[in-house]
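Participant: A single structure is presented below for examination.
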Amino acid sequence: MKKFLLLGLTAVFAVLLTACGGEQEKEKAVDLSDASIPVEERVTAAVHNVVGEKVGDDLDTVSSIKNSNGILKVEINSEAHEGSKQSLLNDSAEIFASLAKMDDITSATISWLAPLTDPYGNKSMGEILTIMIDGETFEKVNWDNYEALDLEQTAPGYKQHDALKD
C-alpha cells in the first residue's frame, strides 16, 4: 500500500512540475506587437518560434537582422539542402505572418543561408533563398491564412540558388 501511495504522490509531483514549467515558458513568450520591445528581439523571437534557436550544436538560427525605418532584412542560418525548398517556403510564410503583427515593420526580406560547397571543395554559408515582401504586398496579404500563400507568385522579390532544387 505504501508503494502505491508513494507512486501516486510521485505522479502528482511530476504533473505539478510539468504544469509549472509550462507556465514559465508562456511567461518568456515575446509579444510581437509590443513596440516597446526592440524590433531585433521580437524578430529573433518570431524566427526562433518557427525554426528553433540553433542550427546544429552551436550556430544561432538568426544570422543577422537589419532594420531601417521599418524595412527589415533577416538572414537565417539553416541546414537546407536540395529538396528543402517547400519547407523553407512554409517557414518563411509563417515568419512573415509573425512579422505582419509588428506595426513598425512595413516590408521585410528573409534570406536563408545554408552550407554551400564551391568548385574547389570549400564549404561556407551562402544565400540559398531570398524572399522580399514590399509594403504594398505586406498590406494585401491575408496573413491569417498564410498556409495557403504561394510566396513564389506573391513576393515581388524572389531569388533561389541552383542548389535548392524543387
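The values are calculated or read from the model by the stated rules, or taken from the named source; none is laboratory data. This is a predicted model, so every value here is computed, not measured. As a convention, Cβ positions derive from the backbone with ideal geometry for all residues, glycine included, and neighbour counts pool all protein chains shown. What goes into the accessible areas is simple: the full protein's heavy atoms, side chains included, and nothing from ligands, DNA or RNA. Shrake-Rupley method; radii C 1.70, N 1.55, O 1.52, S 1.80 Å.
Participant: Just give me the residues in the range 51-65 being at pLDDT 95 or above, in a strand (DSSP E or B) and β-branched (Val, Ile, Thr), in sequence order.
Facilitator: Val62, Ile65
Participant: What number of residues within the range 125-164 are among the polar types (S, T, N, Q), under 12 Å from Phe96 (Cα atoms) and touching an Asp or Glu at 6+ places or on another chain (Cβ under 9 Å)?
Facilitator: 0
Participant: Does the range 55-75 hold any residues that are of a type in the set (Gly, Ala, Ser) and farther than 22 Å from Gly157 by Cβ, and which are they?
Facilitator: Gly56
Participant: Taking the range 133-151 as the search range and keeping residues that are assigned to a helix (DSSP H, G or I) and among the polar types (S, T, N, Q), which one is surrounded by the fewest Cβ atoms within 10 Å (Cβ to Cβ)? Let's see the steps before the verdict.
Facilitator: Initial filter on the range 133-151 (assigned to a helix (DSSP H, G or I)): 135-140, 143-148, 151.
This time we only want the ones that are among the polar types (S, T, N, Q), so: 137, 145.
On the way: Thr137: 15, Asn145: 10.
Filtering first and then ranking leaves Asn145.
Participant: State the number of residues belonging to the range 66-112 that are at negative phi and assigned to a loop (DSSP other than H, G, I, E, B).
Facilitator: From the range 66-112, those at negative phi are 66-68, 71-82, 84-112; that's our starting set.
Filter once more, keeping what is assigned to a loop (DSSP other than H, G, I, E, B): 78-82, 84, 100-106.
The number of residues fulfilling the criteria is 13.
Participant: Of the conditions (1) more than 21 Å from Leu32 (Cα to Cα); (2) in contact (Cβ under 8 Å) with a residue 40 or more places away in the chain; (3) among the hydrophobic types (A, V, I, L, M, F, W, C), Ala148 clears all except one; give me its number.
Facilitator: For Ala148, the exception is condition (2).
Participant: Name the pairs whose Cβ atoms lie under 7 Å apart, with the first residue in the range 115-134 and within 30 Å of Tyr146 (Cβ to Cβ) and without any contact (Cβ under 8 Å) to a residue 60 or more places away in the chain, the second among the aromatic types (Phe, Trp, Tyr) and assigned to a strand (DSSP E or B), and 6 or more positions between them or separate chains?
Facilitator: Ile128/Trp112; Leu129/Trp112; Ile131/Tyr158
Participant: Could you check how many residues of the range 47-94 are closer than 27 Å to Thr137 by Cβ and either touching a Gly at 6+ places or on another chain (Cβ under 9 Å) or surrounded by 15 or more Cβ atoms within 10 Å (Cβ to Cβ) (or both)?
Facilitator: 29
Participant: Between Thr106, Thr117, Thr130, Thr154, which is over 28 Å from Glu41 (Cβ atoms) and either open to solvent by 30 Å² or more (accessible area, probe 1.4 Å) or within 16 Å of the chain's Cα centre (by Cα) (or both)?
Facilitator: Thr117
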